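Note sheet for the following structure.
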Amino acid sequence: MAEPRPVLEMAGIVKEFPGVRALSDVDFRLFPGEIHALMGENGAGKSTLIKVLTGVYSLDGGTITLDGRSVRIASPLQAQQAGISTVYQEVNLCPNLSVAENIFIGREPTRMGRIQWKRLRREAAELVDRLGLDIDVSAPLSSYPLAVQQLVAIVRSLNTGAGDGEGPGTKVLILDEPTSSLDRDEVLQLFALMRRLKEEGVAILFVSHFLDQIYEVCDRMTVLRNGTLVGEHMVSDLDQVGLVQLMLGKAMGQLDELHEHQLRSDAGDTLVQADGLGRTGGIAPFDLEIRKGEVIGLAGLLGSGRTELARLLFGADQPDTGKVTIGGRRVSMSAPNDAIGAGVAFCSENRKSEGLVPDLTVRENIILALQASRGWTRPIPVAQRDELVAKYIKALDIRPANPEARVGQLSGGNQQKVLLARWLITQPKLLILDEPTRGIDIGAKAEIQKLVVSLSEEGMSVLYIAAELEEVLRLSHTIGVLRDRRLVAQIANGPEITTSRILETIASGEHQ
Amino acid sequence: MTTSSTTSSRWRALTRHHLFWPVAVLVLLLLVNVPFTPDFFSVRMADGHLYGSLVSIVLFGSPLILVAVGMTLVIATGGIDLSVGAVVAITGALACSYISDQHDQGALSGVLLAMGLGLLAAVVCGLWNGFLVARMGIQPIIATLIIMVAGRGVAQLITDGQIITINSEPYKLIGGGYWLTLPFSIFVVAAVVAVTVALTRRTALGLLVEAVGGNAEASRLVGIRSRRIKIMVYMFCALCAGIAGLMISSNTSAADGNNAGLWIELDAILAVVIGGTSLLGGRFSIGGTVVGALVIQTLTTTIYTIGVPTQTNLVFKAAVVIVVCLLQSPKFRAKVFGAKFAARFAAKGGAKPAAATADPAAATEAAPKMEVS
Ligand SMILES: Nc1ncnc2c1ncn2[C@@H]1O[C@H](COP(=O)(O)OP(=O)(O)OP(=O)(O)O)[C@@H](O)[C@H]1O
Ligand SMILES: [Mg+2]
């Protein structure tokens, strides 16, 4: 089969940041009507390649050819006008505007200079409908969980070229880890959408750390390691083991047998006891007992109330019914401080808006929670601080391993690790992890799961939320199933518990 | 080749230092004065006091530095304090009216009491601002507008709408006196700056302030008591303004409720911005602010020495401030100087310089609105 001409060709791409060569001499091409995976570890340079292509960063060397014409793209707007639509790794929308406004912002339908609000809402609703999503476009974006916001970002990017007919329409669609917080159903919806666009001849660049997803939808892939090109392969020519080897530069041991992991014999003391805890509009009153060293996994669909439950246990939202005791003491949960004081830690799923302070350094972000609990008058002694930070940078393999680097400049996966380090350093009794492996590459993902197991063996309790059911099942002693903002079942994990049984429970709302 | 590349990388490291542009502008502004005032840099001694343009810039700039240092912390938390000018007026009015009521205006105890009274009033103003912002959740710009407007009225009430003049040797010291050949106010400023730096960088206060300003929600979830921190910062800012108020009234031996500290809030905000602290909050630099305040003060001096017509004073000042702010924006620098660098790189790499832009018109108008993270 003769190869058609690529719609996009990047050659000899170089991008340098102060002290880091993020891309050196990378070639990349994209054919019309293909789904192309860009693969690599955290920090390999995937997002940077995308941002260079879309004009967020300027190029330090190399050429970009679009449709056979050499182009220089100086800004995201220009990229959009040239037919390149992008959904960046971090959702970049305005939370206090409505979904419809977010979809159309910057290119609202106008008549005589005035925005036609009715038309805007109607068209937004049509778009959302066409993609088979159930979203009220007049509600503020912030009223939806992160995953829905991510879908909105995708809808927004696709919408370029529609509306008033400006621009050539999407030729290239770039999706940088769009599935990291989606459930299976949303992922399938997204894939259906991607296949439809592919048939229309759109070239799609897809980044994901879920290998199964890559093998499900992609045709071709390009692998990066440490900012250099490792190779381009047809997906059908390379199996998963081979791919991982290319990405890491070495073979990786299979995920260790984590199933063995059992509750320690001295577990059994109740650490956290929630009675009738609830919040209207958030989650219906629930009872939950968490024992020392126990890992509780929460399963449920998007919007089923997993995050809401976690937030109540941390005092991030104030409960309006019920009570919580931690270690036998009643905790008021009127603010995160109360929970933190009782030894609870919470890694939010939304690392950008609820987690990191992008302007501060890796070191400052890591010590923030510990420092906050000591108060401003008692700074952590420098030597102790540096030692702690170095220890966790090493333990979690944060790259670059430079405590002075600004967190905003780290790759997505490494930012996630910084957030994790921040809470581990406080040595909590209960660690709440909301999508802790979001955006983390497979090597690091296995590391984090192992870490959860060893923490639990050392007696730390963990509340674990993940979109991937297998992950929840692998780690948890007990699985809490949520449905429609209600905790419907608590299932002791065992060999007879499978993902399909959990899915049944989610679907029916009861556990047999 | 090697030497040139190391010097160029050293130069680049230098230009990237956060104080580089503010200091460069300050030096430039100082140099502009030389053709007009040839002895601009000379400092001479008379009556055991040092005199010279540089000394007066620091002397007259002292109140601004104080106010700007306090403002820096407020801005770092993501707030702003418009009331500092009014606080300057209130403090001066209270102190002077107390002293003028004394039999012996030169009595040290009376002067100390007057200053304490003035500063107490300032701190109460700060507490009020902090309360409105942190407890009531009012936008800082609105919350501090209240004292900005009402405070002047209070100052006038205190002075009965008059300009109170006093004659007090000890009071004169803080804003107009000399010590060890230097204006005493320089020592006051040095002490306040030193205390501020120690307070923020020797403790964890600076970090927590930057966290609150950099990401308020993340700070809440990390357990930072941001309300408490904000209240403290507004009180500290008002205290600095209060000291500036004492200085200004002491310098003129008079309290003018109407004009003391008028528009100083704007100069202070400018100084903070020139010093490299973002109005959005987060990272702050006290050193930068001091340089920024000196830039503003030098600019004011320069306007007089080079004889800009009085009517165009403000326009001239605005123009310089715009240039300074533009120079500090990396995006602007990339746009203006970037083409040269890119061409140089392309030449080195052997590639054709800047493969034709898709659409030059789009390139210039393409101000990214929201895509850039
Ligand atoms: N603005 C920046 N300033 C400095 N360094 C940066 C900047 N952006 C990225 N980097 C560095 O460039 C490298 C590549 O980062 P990039 O975000 O492209 O990784 P990635 O492949 O997308 O990783 P992930 O899977 O974690 O998202 C990293 O070492 C990162 O620290
Ligand atoms: Mg990335």
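Annotation: for a label point projected 7 angstrom from Cα along Cα→Cβ of B:Thr312, residues of the stretch B:17-39 with backbone N closer than 20 Å are B:29-30, B:32-37.
Applying 1/(1 + (r/R0)^6) with R0 = 35 Å to the Cβ-Cβ distance of A:Ile497 and A:Leu248 gives a FRET efficiency near 0.65. For chain A, averaging the sequence separation of C-alpha pairs within contact (under 8 Å, six or more residues apart) and dividing by the residue count gives a relative contact order of 15 percent.
Here's how it looks for A:Asp441: its modeled amide H is under 5 Å from those of A:Asn42, which are all 5 or more places away or on a different chain. A 1.4 Å probe run over the stretch A:353-427, with the rest of the protein chains in place, finds 41 Å² accessible per residue. The magnitude of the dipole of the stretch B:1-108, with charges of +1 and -1 set on the Cβ of Lys/Arg and Asp/Glu and taken from the Cα centre, is near 760 debye. Listed values for the stretch B:298-309 are Karplus-derived 3J(HN,Hα) couplings in whole Hz (6.51 cos²θ - 1.76 cosθ + 1.60, θ = phi - 60°), namely 4, 4, 4, 4, 4, 4, 6, 5, 8, x, 5, x, and x replaces Gly and Pro. Residues whose amide H falls under 5 Å from that of A:Ala37, counting only those 5 or more places apart or on a different chain, are A:Phe206, A:Asp219, A:Arg220, A:Met221, A:Thr222, with hydrogens built in the peptide plane. The order of the peptides A:448-460, A:294-306, A:84-96 by mean Cβ neighbours within 10 Å, most packed first, is A:294-306, A:84-96, A:448-460.
Straight-line cross-link partners of B:Lys331 among the aspartates and glutamates, defined as a Cα under 20 Å from its Cα and at least 8 positions apart when in the same chain: A:Glu16, A:Asp60, A:Asp359, B:Asp359, B:Glu365, B:Glu371. Under the simplified labelling scheme, the A:Thr110-A:Val382 pair shows an inter-label distance of 5.5 nm, with each label point 7 Å from Cα along Cα→Cβ. Applying the Karplus relation 6.51 cos²θ - 1.76 cosθ + 1.60 with θ = phi - 60° to the stretch A:413-419 yields 3J(HN,Hα) values of x, 5, 4, 4, 5, 4, 4 Hz, where x marks Gly and Pro.
For the residue pairs A:Lys51/A:Lys171; A:Lys391/A:Lys445; A:Lys118/A:Lys171; A:Lys394/A:Lys450; A:Lys391/A:Lys417, alpha carbon separations beyond 24 Å are given by A:Lys118/A:Lys171. Each residue of the stretch B:255-270 is assigned a 3J(HN,Hα), and the resulting list reads 10, 10, x, 7, 10, 4, x, 5, 6, 5, 4, 5, 4, 5, 4, 4 Hz, derived from the Karplus form 6.51 cos²θ - 1.76 cosθ + 1.60 (θ = phi - 60°), x at Gly and Pro. The relative contact order of the stretch A:427-507, computed from alpha carbon pairs under 8 Å that lie at least 6 residues apart in sequence, is 25 percent. Cross-link partners for A:Lys429 among the aspartates and glutamates, with Cα-Cα distance under 17 Å and sequence neighbours closer than 8 places in the same chain left out: A:Asp266, A:Asp269, A:Glu289, A:Glu294, A:Asp338, A:Glu457, A:Glu458. Helical runs assigned H by DSSP (4 residues or longer) give the protein assembly as shown a calculated mean residue ellipticity at 222 nm of -15000 deg cm²/dmol, each run adding -39500 (n - 2.57) before division by the residue total.
Under a model in which nothing but the beta-carbon of Lys, Arg (+1) and Asp, Glu (-1) is charged, chain A shows a dipole of about 1420 debye around its Cα centre. Look at the stretch A:76-83: the mean tally of other chain Cβ atoms within 10 Å of its residues' Cβ atoms is 5.
From the square roots a ≥ b ≥ c of the eigenvalues of the alpha-carbon gyration tensor of the stretch A:8-252, which class results: rounded (a/c under 1.5), prolate (a/b over b/c), or oblate? In terms of gyration-tensor shape, prolate. Of the residues B:Gln328, B:Gln311, B:Gln102, the one that moves most in a GNM of chain B with alpha-carbon contacts below 10 Å is B:Gln311. Placing a label point 7 Å from the Cα of A:Glu404 along the Cα-to-Cβ direction, no residue of the stretch B:62-97 has its backbone N under 13 Å from that point.
Within straight cross-link reach of B:Lys172, meaning Cα distance under 18 Å, which aspartates and glutamates are found once same-chain residues fewer than 8 apart are removed? Correct list for B:Lys172: B:Asp47, B:Asp101, B:Asp104, B:Asp256. Taking every residue in A:362-371 and counting other chain Cβ atoms within 10 Å of its Cβ, the average works out to 4. Proximity of backbone amide H atoms, modeled 1.01 Å from N, is registered between A:Leu482 and A:Ala299, A:Gly300, A:Val488 at under 5 Å, excluding neighbours fewer than 5 places apart on the same chain. Solvent-accessible area lost on pairing B with A (1.4 Å probe, both sides summed) amounts to about 3600 Å². In this Cβ point-charge picture (+1 for Lys and Arg, -1 for Asp and Glu), the stretch B:49-317 has a dipole of about 880 debye about its Cα centre.
The values are calculated or read from the model by the stated rules, or taken from the named source; none is laboratory data. A quick note: this is a predicted structure, and the numbers were derived from the prediction, not measured. Ideal geometry is used to build each Cβ from the backbone, glycine not excepted, and the neighbour counts take in all protein chains shown. Just the protein is used for accessible areas: all its heavy atoms, side chains included, with ligands, DNA and RNA removed. Shrake-Rupley method; radii C 1.70, N 1.55, O 1.52, S 1.80 Å.
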